[in-house]
Structure formats: C-alpha cells, structure tokens
Amino acid sequence: MGEQDRPGRRSVGWPGHAVLQVPVIELEDWIVTRTRHYDAGFISDDPGFHHAHITVLAPLTSWDVEAIAALAASSKPFDFELDHVDTFADGTIYLHTDKTGEFKQLTAGAWLAHPQVRPYGGDDPLPHLTLDRLSAQVGVASTEALLDGLLPVHGRANALELVWYRSNECHLIGRWPLGG
C-alpha cells in the first residue's frame, strides 16, 4: 500500500508524493530556514525526515520497497562535494555536485524499478540540491550571499531515504543504508 492510501493522509488540493533521496545533513539548517520562509507546511516534525537532499527519483505515488532495499544494498557509500551555485532554465537555483556519475547510477537503478517515473521529468537528469527559485528578490548572487561560508559542502552519500512530501504531512517512510 502506498503512503497516499493510509487513513488520514487525504486532503483537498495537491495529493503529495514520495521522493527517493540522499540526505545532505550539512545543509539541513539552511534548507529548513529557506523552506520555512516560503511554506512552513513543508517543515517536518519527524526527526528522521531530512529536508536537505539530492533527489534520486521523484515523484513516486507508489514504490517497490524491496527494489529500493536491493538498490541501497548493492550501492557503495561515497563522498561528494557541492561546489557551486547554478540555475536551470526553469529558474531553479541549485548546488552542483562533483559526483554526478554516482548519483546518476542511483537514479538509473531506481528508475529501472519504477519505469513509470521520469527522473526530474527528463531522460538525462543532472543530480543537484535545490536551493531556491529565481524571482525579483532572489538570484544567484543573493543565494550565494546567504550561503556565505558554507561552500563547498562536503557530504557522504551513505543511505537512501524514501520520504513523503505533502503540506503538514512530510515524513520519513523508510531508510536503507548504502552497502547493506
């Protein structure tokens, strides 16, 4: 049963979805502050939920827990660096990672088990950590200023997390260590 089918998990509006992600705990406080600025409904009180992350596959409305566990067990942990701020054509401001190959391998494995989901809405996703969106008040320079002293971020991919995103209902569904 998918998380969306649990009693009490239905409401008017956006139905929510799950995200398979790698947590980036080094930026948790920063991302929580930015998220709260826009929509506090997406701040989770679940201590296992990580707001700062690199998405492996989304959006998931159903998922194969056994396939996710097997992917995690067969994948080795790795170190990565988030080294500079960039933007996508749609205005998303993000942090670039130096380990695109390793993250793409995780995405390919997750996609194989969930072929109905197009990673990041495309066939060749660029792994990243989303920071913000371009607007009249927000740009690359202002985002870099808010990140002052935090870059580069040195992280370690050591787990896959399946989390639920829906306003006032964000929570951890499951966590699997990389390498078993």
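Rule-based calculations on the coordinates, nothing more; no lab input. All figures in this text were calculated on a predicted structure; none of them were measured in a lab. For neighbour counting, all protein chains shown are included, and Cβ atoms are generated from backbone atoms with ideal geometry for every residue, glycine included.
So what is the calculated 222 nm ellipticity per residue for the chain, using -39500 (n - 2.57) for each DSSP H run with n of 4 or more, over all residues, to the nearest 500 deg cm²/dmol?
Taken over the chain, the calculation gives -7000 deg cm²/dmol.
Looking at (i) 50, 36, 34; (ii) 44, 39, 30; (iii) 59, 35, 29, which value of Cα extents along the principal axes in Å comes from a calculation on the structure shown?
Recomputing Cα extents along the principal axes in Å here picks out (ii).
PRE reach from Ser135 (point 7 Å along Cα→Cβ): which of the range 50-82 fall under 11 Å by backbone N?
Backbone N within reach: none found.
Can you compute the modelled spin-label distance between Leu150 and Thr61, with each label point 7 Å from Cα toward Cβ, in nm?
For the pair Leu150/Thr61, the computed spacing is 3.3 nm.
So how far apart, in nm, are the two label points at Asn158 and Thr33 if each is 7 Å from Cα heading toward Cβ?
2.5 nm
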